[in-house]
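Only the coordinates and a few stated rules stand behind these numbers; no lab work does. As the structure is a computational prediction, the values presented were derived from the model and not from experiment. Please note: Cβ atoms are built from the backbone with ideal geometry, for glycine as well, and neighbour counts cover all protein chains shown.
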């Protein structure tokens with residue numbers, strides 16, 4: 001396992017090419033090209049803003065301006081959910097490579113996560129635009145934590161993506177299960193609502209069990225809320241947890257590796 | 001010298017996941033069988049204790065019937081699958097031509113695909129840059145290299161895949177039956193490229209059904225049969241042994257089919273007692289399908305085809321001797337009888353037909369048991385499958401016992417000449433004409 005992990009570093013050139021290829025291939029032939037990366041989060045943003053700010057009259061003082069608040073959590077979530085959705089089917093759709101070319105299979109789920117990370121990073125420009133428009137800026141002093149949180153989420157996503165892709169080879173309906181589970185997970189995570197509001201108090205315990213809750217809160221603390229960073233414990237726990245998840249995911253992947261070429 | 005490729009006692013057992021390949025998570029959870037589903041329920045040995053070595057610079061051809069483990073062996077050498085037991089050692093960079101263009105993405109251009117495919121095969125970006133023009137030229141795709149690959153014809157696709165794989169500059173090249181891509185010209189180019197590899201002392205492992213290619217091109221042949229190594233060594237010798245084995249199998253197959261046909265014909269003959277359509281004889285012979293009929297006064301009890309050495313067989317080589325032996329049993333004394341045989345090719349064309357009457361043997365007396373042998377000194381037929389009619393009938397054509405197309409034999413020939421008749425011949429050349437000496 002450790003040997004294979006070290007081997008993985010040698011393939012960074014290939015990973016890079018494949019990420020670029022996926023990005024190019026996705027937008028080849030479409031007029032708006034990369035713009036489509038933003039359309040989906042923008043659409044969600046518009047709908048949720050409309051629903052929560054105007055229909056439901058969610059007048060939480062803390063979450064103003066609401067679009068910026070929501071975007072801080074929605075962007076990382078979109079990256080996370082799309083990564084897992086794609087990674088789950090990545091080994092099956094890349095079956096030709098696994099069977100016919102000497103190819104380290106873990107590259108496929110990793111590329112899924114990284115491609116979506118590029119979308120995420122591009123999406124940050126929209127967030128920046130919203131911040132300017134709403135005259136609401138992040139805590140500049142805490143911005144150094146942002147790359148740390150991204151790195152933690154990346155490690156966490158890698159772990160889950162590896163495990164999922166390997167298991168989906170054997171259980172095909174895991175892919176659908178994941179898609180539905182992610183919808184549920186989205187609403188269980190305080191992205192479109194504020195975890196600190198009074199009505200949320202009874203659910204605090206459940207939030208603490210949700211790993212993505214800690215990430216979202218960390219993002220919001222850095223990018224949205226002013227004042228001291230209030231998610232140290234959560235971030236620290238998630239840093240350790242993400243490494244554990246990554247290693248566990250990689251271990252599972254490595255265990256099942258030899259069956260891929262035969263089962264895919 | 002360390003061998004370039006070394007397999008030691010390699011066994012590969014493919015796991016069949018007992019049809020649960022598409023098992024759903026639900027059923028696995030319900031039956032609490034996740035772990036069981038992930039462990040194989042049925043196994044299939046693709047290779048059994050195979051050991052062989054290929055010294056560096058050698059070209060070795062792997063031959064064998066379908067399902068003999070050739071491709072598995074290649075995948076093991078390539079490292080795509082791992083052996084269940086035993087060890088596989090390969091020295092140097094490997095390039096495997098198993099499926100050409102396996103990593104191509106249809107939406108992006110040929111140029112970008114060349115880069116990505118090259119990186120997948122282990123080249124660095126700079127190495128590809130250096131070889132790029134050569135690759136494109138080899139693939140003959142100069143004008144199309146910036147088109148998305150999805151617009152390529154399958155030939156173009158394969159050519160590009162081949163061109164990239166061959167320009168990886170491997171120390172060990174693995175080729176799995178991919179020479180059938182492209183037109184004649186491209187195939188020649190591929191062979192030239194292989195020749196160049198050989199000259200540069202690279203190791204090539206070639207899996208193919210084209211025995212001619214192995215004989216011409218390889219230093220050694222390796223014969224796999226049902227996952228086991230049958231022979232390795234001089235190509236001519238190994239191919240000879242392999243061909244003999246294939247013939248033996250075919251022989252068995254023909255013998256059982258013949259026996260079945262005969263049995264079916266016998267059953268239908270006994271069902272329809274007595275003479276069946278006595279008038280339906282020589283004139284209609286070509287229309288009749290296989291079967292057996294006749295009045296039954298004289299019976300052909302058995303028909304045996306024998307080679308030169310008197311051994312019964314169904315496989316002959318072009319130009320060999322053949323004996324058709326008929327065991328005859330006459331149930332009463334007859335004076336009026338003719339023995340005939342006809343040879344038909346696969347299209348149903350009568351290649352040759354004759355009988356004792358035509359050849360002016362006047363019948364006199366037949367009673368009890370007799371054996372008739374028709375001896376052919378040299379069976380000058382082209383390669384193919386032939387069927388035999390044998391009959392004993394009256395002078396006027398009314399059959400005692402007619403066996404229509406019940407016996408099959410196969411002609412093998414090294415030459416692939418065509419036609420229904422092969423006159424014994426030779427070529428002579430005079431004047432300013434010269435041929436190259438025969439290849440080894």
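For chain A, the longest principal axis of the C-alpha atoms and the axis of helix A:174-188 are separated by about 20°. The shape of the stretch A:129-229 can be summarised by an equivalent ellipsoid whose semi-axes, obtained from the alpha carbon gyration tensor, come to 29, 18, 13 Å from longest to shortest. Normalised by residue number, the volume inside the convex hull of the Cα atoms of the stretch A:1-148 is 160 Å³ per residue. Each part gets one Cα centre, and for the stretch A:50-74 versus the stretch B:302-319 those centres are 93 Å apart. In the distance distribution for the stretch B:68-112, Cα-Cα pairs more than 14 Å apart total 60 percent.
Structure remark: mean-square fluctuation, Gaussian network model of chain B, C-alpha springs under 10 Å; the largest value among B:248, B:422, B:65 belongs to B:422. Per residue of A:172-178, other chain Cβ atoms within 10 Å of the residue Cβ number 3 on average. Here is the tail figure for the stretch A:94-142: Cα pairs spaced more than 18 Å apart come to 56 percent of all pairs. The three principal axes of the C-alpha atoms in the stretch A:88-176 carry coordinate ranges of 53, 25, 22 Å, sorted with the longest axis first.
The stretch B:88-161 and the stretch B:362-394 have Cα centres spaced 61 Å apart. The base-10 log of I(q)/I(0) for the protein assembly as shown, evaluated at q = 0.06, 0.10, 0.11 Å⁻¹, reads -0.58, -1.05, -1.16 [Debye formula, identical scatterers on Cα atoms, solvent excluded]. Here the peptides B:155-163, A:44-52 are ranked by packing, the mean other Cβ count within 10 Å, and the order with the highest first is B:155-163, A:44-52. Per residue, chain A reaches -25000 deg cm²/dmol at 222 nm when only DSSP H runs of four or more residues are counted, each adding -39500 (n - 2.57). Footprinting exposure proxy ranking of B:120, A:1, B:243, fewest other C-beta atoms within 10 angstrom first, gives A:1, B:243, B:120.
At q = 0.09, 0.10 Å⁻¹, what is the base-10 log of I(q)/I(0) for chain B according to the Debye formula with one equal point scatterer per Cα and no solvent? Please give it to two decimals. Debye intensities relative to I(0), on a log10 scale: -0.81, -0.91. Ordered by the count of other Cβ atoms within 10 Å of each Cβ, fewest first, B:184, B:267 give B:184, B:267.
One quarter of the surface of the convex hull around the alpha-carbon atoms of the stretch B:149-261 equals 10.2 nm², the direction-averaged projected area. Using equal-weight Cα scatterers in the Debye expression, the normalised intensity of the stretch A:2-263 in log10 at q = 0.09 Å⁻¹ is -0.43.
Using the per-residue mean of other Cβ atoms lying within 10 Å as a proxy for protection, in what order, highest first, do the peptides B:337-348, B:94-105 fall?
On the way: B:337-348: 18.3, B:94-105: 21.9.
Those peptides, ordered most packed to least, come out B:94-105, B:337-348.
In chain B, the longest principal axis of the Cα atoms and the axis of helix B:184-199 are about 60 degrees apart.
For the listed peptides B:372-378, B:393-399, a ranking on the average number of other beta carbons within 10 Å per residue, highest first, reads B:393-399, B:372-378. The mean count of C-beta atoms from other chains within 10 Å of the C-beta of residues in B:99-108, rounded to a whole number, is 5. Semi-axis lengths, largest first, of the ellipsoid equivalent to the stretch B:5-243 are 32, 27, 16 Å, with √(5λ) applied to each eigenvalue of the Cα gyration tensor.
Could you grab the relative contact order for chain A? Cα pairs under 8 Å, six or more apart, rounded to a whole percent.
27
All distinct Cα pairs of the stretch B:291-412 go into the 1/r average, and the inverse of that average, the Kirkwood radius, is 14.7 Å.
Panel order for A:36, B:293, A:185, by other beta carbons found within 10 Å of each beta carbon, from fewest to most: A:36, A:185, B:293. So what's the angle, to the nearest 10 degrees on a 0 to 90 scale, between helix B:125-139 and the longest Cα principal axis of chain B? Here the helix axis deviates by roughly 30 degrees.
Count, for each residue of A:94-102, the Cβ atoms from other chains sitting within 10 Å of its Cβ, then give me the mean as a whole number.
6
Working note: 222 nm ellipticity from helices only, DSSP H runs with n ≥ 4, each -39,500 (n - 2.57), summed and divided by the residues of chain B, gives -8500 deg cm²/dmol to the nearest 500. Within the listed set A:248, A:105, A:163, the Gaussian network model of chain A (springs between alpha-carbon atoms below 10 Å) gives the highest mean-square fluctuation for A:248.
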